[in-house]
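Presented below is the structure to which this report refers.
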Amino acid sequence: MTAALTVLDPGLQTTVQAGPRRAARHLGVPASGAADPVSLALANRLVGNPWDAAAIELTLTGGSFRAERTLTVGIAGAPCTVQVDGRSFGLHRGFRLERGSKLALGPASAGCRTYLAAEGGIDVPAVLGSASTYLPAGLGGLEGRSLRSGDRLPAGSASGVEVVSTPDALRPPWDRNWTLRACLGPGGELLTEAGRALLFGGGWRAGRAADRTGVRLERSDGGTLALPSVGSLPSAPVFPGTLQCPEGGAPILLGPDSGTTGGYPRIAQVIRADRHLFGQIRPGDAVRLLLWTPDDARAVLEEKATLLSSWIGKDFQLD
């Protein structure tokens, strides 16, 4: 298939991402998929694609591309400058690229990941039910790897789409502070009252150890969570949004590329309605956890999914 975009500058880490893999966890294959599926869905909506169509996920530093044919693109996620042959464009509105034009996305001014969707979707083969790139195993995307300068990306047939803009109510505010609602996990009973107050009392930030696998949380005051020694625990299921606590007392928030099982205590689980925010946490950002009940988590999920589906489409799912 003829290329639609050629990568000129791939930036720090740019991959092809789509919806998650939902039927391979029993094989030890994580969900992967877009680290921020809401931003992926909003970008795809701008160009008339299904919400989980394959698009380009750029991390922190942006990147640049050359259009190999005329096509409509849309950009959502972490805010950045967008220029086409020196002309400025904004996020959250579809626009046309003419053949030969150069599209440049600058560094994210807040957040971590920006999504570039092309009309028809980036056309790469699905592996185990998804076109998403899973870097640790080299699966999906383009040859299972990050994009490189010179890569040529095909896209689906361009049928022409109505130019639309994301409603203001669905454009998230951006800063360097994140609030994540979480329920206690199976290991939550290991937390003392003081430990629970520390975990849900603020003062956390994302450490330098942060990627699509997970983000290690640190306290600005240098403190750690103290859990009673439980020895070696048997491996148990973990999911994106699981908060594990190793012996060192610095919790790890698991992301879409995390493994399917783990042996550290699972002290909390970020609710599904907030899980997509993981993809926008960058090193140094403040992270506050709020203790939530399962009933309240279900109610919030339904409310948020209904709001987003009204614009993105009834098939949209908050994973």
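The values are calculated or read from the model by the stated rules, or taken from the named source; none is laboratory data. All values reported here derive from a predicted model rather than from experimental measurement. Cβ atoms come from the backbone with ideal geometry, glycine included; neighbour counts cover every protein chain shown.
Values for this structure:
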read-out	value
Residue that is modelled with the lowest pLDDT, among those in the range 59-80 that are under 25 Å from residue 169 (Cα atoms) and out of contact with any Leu (no Cβ under 7 Å at 6 or more places or on another chain)	72
Elements of type strands (runs of 3 or more DSSP E) in the range 58-150, at least 3 residues being small (Gly, Ala, Ser)	63-67, 71-77
Residue identified as more than 23 Å from the chain's Cα centre (by Cα) and assigned by TED's automatic domain parsing to the domain that holds residue 240 among 197, 182	197
Scan of the range 19-45 for residues that are under 28 Å from residue 72 (Cβ atoms) and either surrounded by fewer than 24 Cβ atoms within 10 Å (Cβ to Cβ) or of a type in the set (Gly, Ala, Ser) (or both), ordered by number	19, 20, 32, 33, 34, 35, 39, 41, 43
Options 4, 31; residue that is on the phi < 0 side of the Ramachandran plot and assigned to a strand (DSSP E or B)	4
The range 81-99 - residue that is under 20 Å from residue 171 (Cβ atoms) and of a type in the set (A, V, I, L, M, F, W, C) and, of those, nearest to the chain's Cα centre (by Cα)	91
Some residue of the range 157-180 being part of a strand (DSSP E or B), surrounded by 14 or more Cβ atoms within 10 Å (Cβ to Cβ) and modelled with pLDDT under 95	no
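This table checks each residue for (1) under 20 Å from residue 30 (Cβ atoms); (2) touching a strand residue (DSSP E or B) at 6+ places or on another chain (Cβ under 8 Å).
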| position | (1), (2) |
| --- | --- |
| 226 | no, no |
| 236 | yes, yes |
| 239 | yes, yes |
| 242 | yes, yes |
| 250 | no, yes |
| 254 | yes, yes |
| 263 | yes, yes |
| 276 | yes, no |
| 287 | no, yes |
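Every residue, every condition in (1) buried (at least 20 other Cβ atoms within 10 Å of the Cβ); (2) in contact with a helix residue (DSSP H, G or I) (Cβ under 9 Å, 6 or more places away or on another chain), yes or no:
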| position | (1), (2) |
| --- | --- |
| 196 | no, yes |
| 202 | no, no |
| 206 | yes, no |
| 212 | yes, yes |
| 221 | no, no |
| 224 | no, yes |
| 227 | no, yes |
